[in-house]
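The values are calculated or read from the model by the stated rules, or taken from the named source; none is laboratory data. This structure is a prediction, so every number in the text was calculated from the model and none was measured. Quick reminder, even Gly has a Cβ in these numbers, built from the backbone with ideal geometry, and neighbours come from all protein chains shown.
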Amino acid sequence: MSNETRIAHIGIIVEDMEAVEKLNGLLHEYGQYIIGRMGIPYREKDISIISVVLNARQDIISTLAGKLGMLKGVSVKTIYSKK
């Protein structure tokens, strides 16, 4: 497995606010890889949109995205930098 890191953006939409505590726990667990994070509450629709940018190995990014995507009421998409 390559030790080379990649820059990735994980886009998260939270539709079930009961998932927020677990979601924040996972982000804290992977905090050493997080470059930046921005959350936007969209109160009118009762959802939250979260952007997380990471610098980590591919397997770490995939693992985090997979764990986030398994949370009830959470949708996740990941995009990677070409560099």
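Total residues in the range 46-63 satisfying the condition of being buried (at least 19 other Cβ atoms within 10 Å of the Cβ), within 16 Å of GLY31 (Cα to Cα) and not β-branched (Val, Ile, Thr): the figure is 2. One residue stands out among those in the range 35-56 that are hydroxyl-bearing (Ser, Thr, Tyr) and under 30 Å from LYS83 (Cβ atoms): the one that is farthest from the chain's Cα centre (by Cα), which is SER48.
Within the range 31-83, the residues that satisfy the criterion of being of a type in the set (Ser, Thr, Tyr) and touching a residue at least 12 places away in the same chain (Cβ under 8 Å) are TYR33, SER48, SER51, SER62, SER75, THR78, TYR80, SER81.
Residues checked against (1) assigned to a strand (DSSP E or B); (2) in contact with a Gly (Cβ under 7 Å, 6 or more places away or on another chain):
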position: VAL20; (1), (2): no, no
position: ILE35; (1), (2): yes, no
position: SER48; (1), (2): yes, yes
position: ILE60; (1), (2): no, no
position: LEU71; (1), (2): no, no
position: THR78; (1), (2): yes, no
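Based on this model, can you work out whether LEU54 counts as of a type in the set (A, V, I, L, M) and not in a strand (DSSP E or B)? It is false that LEU54 is of a type in the set (A, V, I, L, M) and not in a strand (DSSP E or B). Is it true that some residue in the range 5-17 is modelled with pLDDT under 95 and among the small types (Gly, Ala, Ser)? Within the range 5-17, none of the residues are modelled with pLDDT under 95 and among the small types (Gly, Ala, Ser). For LEU26, the stated conditions do not hold, so it cannot be described as of a type outside the set (Gly, Ala, Ser), touching a helix residue (DSSP H, G or I) at 6+ places or on another chain (Cβ under 7 Å) and assigned to a loop (DSSP other than H, G, I, E, B). Of the listed requirements (1) touching a residue at least 60 places away in the same chain (Cβ under 8 Å); (2) part of a loop (DSSP other than H, G, I, E, B), ASN3 misses just one: (1). Does ILE79 count as out of contact with any Ser or Thr (no Cβ under 6 Å at 6 or more places or on another chain), surrounded by 15 or more Cβ atoms within 10 Å (Cβ to Cβ), aliphatic (A, V, I, L, M) and within 14 Å of ILE7 (Cβ to Cβ)? So ILE79 fails the test.
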